[in-house]
Amino acid sequence: MYYTSQPDPVRLEIFKNLYQFIAEQMGIVLQNTAASVNIKERLDFSCAIFDGSGLLVANAPHIPVHLGSMSESVRSLINSKGNTLKPGNVYLSNNPYNGGTHLPDVTTITPVFLNHKNTLSSTPLFYVAARGHQADIGGITPGSMPPHSATVEEEGIIFDNFLLVDQGVFQETAVRELLLNHLYPARNPHQNIADFNAQIAANERGAQELRKMVAQYGLETVQAYMKFVQDNAEESVRRAIDVLKDGAFTYEMDSGAVIQVKVKINRENRSAIIDFTGTSDQLNSNFNAPKAVTQAAVLYVFRTLVDDNIPLNAGCLKPLKIIIPEGCMLNPTYPAAVVAGNVETSQTIVDALYGALGVIAASQGTMNNFTFGNERYQYYETICGGSGAGANFHGTDAVQTHMTNSRLTDPEVLETRYPVQVESFCLRPDSGGKGKYSGGNGVIRRIKFLEPMTANILSGHRHIPPFGLNGGEAGKVGRNWVERQDGEQEYLDSTATVEMLPGDVFVIETPGGGGFGLIGDSP
């Protein structure tokens with residue numbers, strides 16, 4: 001078979017796209033076979049392939065906070081179960097202290113063994129993984145996104161490299177027992193199991209496609225180009241670093257917690273040190289971001305600075321040294337609560353880094369996590385807002401920004417599956433910060449409830465506005481409130497749990513992005 005120690009440019013492009021294609025095929029299978037609205041309609045999932053050491057090779061363009069952290073989960077599996085991995089095994093993991101993000105994001109990991117030269121490999125040559133946000137995984141509130149959790153146990157059920165499929169046999173009894181045998185059990189284990197099966201099917205597609213690729217090109221070539229694709233990404237990030245300057249930024253959140261970051265560029269070896277020393281200590285709230293999430297945010301920022309069309313992979317991290325003091329809010333220790341760290345703090349890390357590098361004003365800086373439910377229904381969505389302006393572009397209105405890339409459920413589907421009505425959903429005029437380039441506008445979303453339910457909001461930038469850069473104005477803060485059927489208005493904080501009655505309306509106004517440059521300067 002064709003093999004070389006140096007990449008052929010044409011073949012590099014072919015393999016780069018082939019690896020991404022496999023991840024995309026996995027995503028199609030997952031979307032088509034999933035049961036929950038969250039995965040099937042909102043597309044809150046990610047699929048990726050990894051080399052034999054668990055390093056990310058390629059992904060489909062799914063959810064950045066998933067993709068930058070999944071490698072930690074795969075390597076955790078290798079470290080803890082490496083000697084016991086067998087063909088036909090699939091593992092389940094969501095432990096935030098072992099590569100996970102937050103508990104609703106549950107990852108299925110399949111080791112891929114191959115017949116090579118008529119012999120079955122003794123160890124996995126690749127890994128495939130699918131991460132999906134479960135509509136409910138237990139915890140103190142329906143939807144498993146509690147605004148006020150104080151420990152990770154209050155957020156749901158932890159799977160730590162749990163053997164989900166044992167040599168081809170699905171362990172339904174064991175997984176169902178784990179879902180139900182908890183102080184705060186899962187509310188819809190049938191749906192969890194259906195989604196787990198969809199994730200297993202997605203992984204199986206990925207394994208099939210990898211085997212086909214090896215059959216066509218040969219194992220040595222496929223493995224060589226996995227390394228070449230990572231090397232290419234590394235060089236692309238080094239080129240991006242070449243034009244960056246040292247910088248620092250201090251970012252205050254609504255709670256008063258502070259993220260401090262310094263970026264130091266080493267011109268000689270074309271690398272960067274990203275140092276979060278000075279960041280607030282581990283919090284009593286759930287805004288602690290697991291280390292894997294912090295690394296994912298850094299990886300995302302530096303990937304976006306690359307002009308080339310490269311897959312997000314482990315090579316992007318090689319030129320970066322990331323310093324995150326243990327016990328701070330960006331590297332917490334068990335049993336700190338983390339559910340908002342994945343969805344909210346990840347966004348603020350990204351904006352803090354862009355601020356330090358001076359390239360983009362703050363985007364809405366929140367995912368506006370809205371959950372509602374009871375014992376029968378559980379639903380979760382993230383809501384778009386304004387993106388920040390940059391040195392030569394305006395921000396965008398009503399867009400999912402940075403670490404999230406999920407859709408919003410179509411009103412027809414939402415109203416068919418749940419006893420709610422989308423009363424209105426519109427742009428929020430003049431919420432973006434003005435400047436030479438203006439920030440994007442947020443949105444206003446009104447949901448009317450038709451049955452009694454518990455609703456939760458987990459959001460940010462309700463007190464501190466998203467910053468502008470180079471003289472640009474800040475974006476407007478968001479607002480949350482409930483309009484009761486009797487006309488009373490109940491204003492809510494950034495994080496809140498509230499009981500909704502039939503006829504009550506939950507209103508969410510999302511923040512705008514910050515502006516860039518002085519208003520007087522014409523674009």
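The values are calculated or read from the model by the stated rules, or taken from the named source; none is laboratory data. Everything numeric in this text was worked out from a predicted model, so none of it was measured. All Cβ positions, even for glycine, are placed from backbone atoms using ideal geometry, and neighbour counts span all protein chains on display. Please note that ligands, DNA and RNA were not included when accessible areas were found on the heavy atoms of the full protein model with its side chains. Shrake-Rupley method; radii C 1.70, N 1.55, O 1.52, S 1.80 Å.
Annotations
- Normalised contact order of region 369-413, rounded percent, pairs of Cα under 8 Å and 6 or more residues apart: 28
- Taking 0.36 nm per residue of separation and subtracting the Cα-Cα distance, full extension of the segment from GLU488 to GLN216 would add 91.2 nm.
- Sorting 356-363, 130-137 by their mean Cβ neighbour count within 10 Å, with the most densely packed peptide first, gives 130-137, 356-363.
- Accessible carbon and sulfur surface of region 155-215 relative to its total accessible area, %, 1.4 Å: 51
- The listed peptides 100-106, 36-42, 279-285, 77-83, ordered by packing as a protection proxy, come out as 100-106, 36-42, 279-285, 77-83 (highest mean of other Cβ atoms within 10 Å first).
- Its relative contact order, with pairs defined as Cα atoms under 8 Å and 6+ residues apart, puts the chain at 15 percent.
- Long hydrophobic helices in the chain, taken as whole DSSP H segments with a C-alpha length of 30 Å or more on their own axis and mean Kyte-Doolittle hydropathy at least 0.0: 9-33.
- Full-extension gain in nm, ASP231 to THR454, via 0.36 nm per residue minus C-alpha separation: 75.4 nm
- Under 5 Å, built H, 5+ apart or other chain: amide partners of ASP105: GLN134
- Rough spin-label spacing in nm, given labels placed 7 Å along Cα→Cβ, for ASP521 and ASP166: 6.5
- Measuring gaps between exposed loop sites in the chain (chymotrypsin sites (Phe, Trp or Tyr not before Pro); DSSP loop; at most 16 other Cβ atoms within 10 Å), the longest gap, sites not included, is 4-523.
- Peptides 138-150, 173-185 ranked from most to least packed, by the mean per-residue count of other Cβ atoms within 10 Å: 138-150, 173-185.
- Shown is the FRET efficiency for ASN266 and LYS81, computed with R0 = 45 Å from the Cβ-Cβ distance and rounded to the nearest 0.05: 0.75.
- With a Förster radius of 41 Å applied to the beta-carbon distance between ASN392 and ALA150, the computed FRET efficiency rounds to 0.40.
- For a straight C-alpha distance cut-off of 29 angstrom, the lysines reachable from LYS318 (same-chain residues fewer than eight places away being disregarded) are LYS16, LYS81, LYS227, LYS245, LYS262, LYS264, LYS291.
- Unit charges at the beta carbon, dipole of the chain: most positive-side option, GLY385, TYR300, GLN347: TYR300
- Note that region 127-133 has calculated 3J(HN,Hα) couplings of 9, 10, 8, 10, 10, x, 7 Hz, one per residue in order, obtained from phi through the Karplus relation 6.51 cos²θ - 1.76 cosθ + 1.60 (θ = phi - 60°); glycine and proline are x.
- Placing R0 at 45 angstrom, the Cβ-Cβ distance between HIS463 and ASN17 gives a FRET efficiency of 0.50 after rounding to 0.05.
- Rounded accessible area per residue of region 406-523, 1.4 Å, Å²: 42
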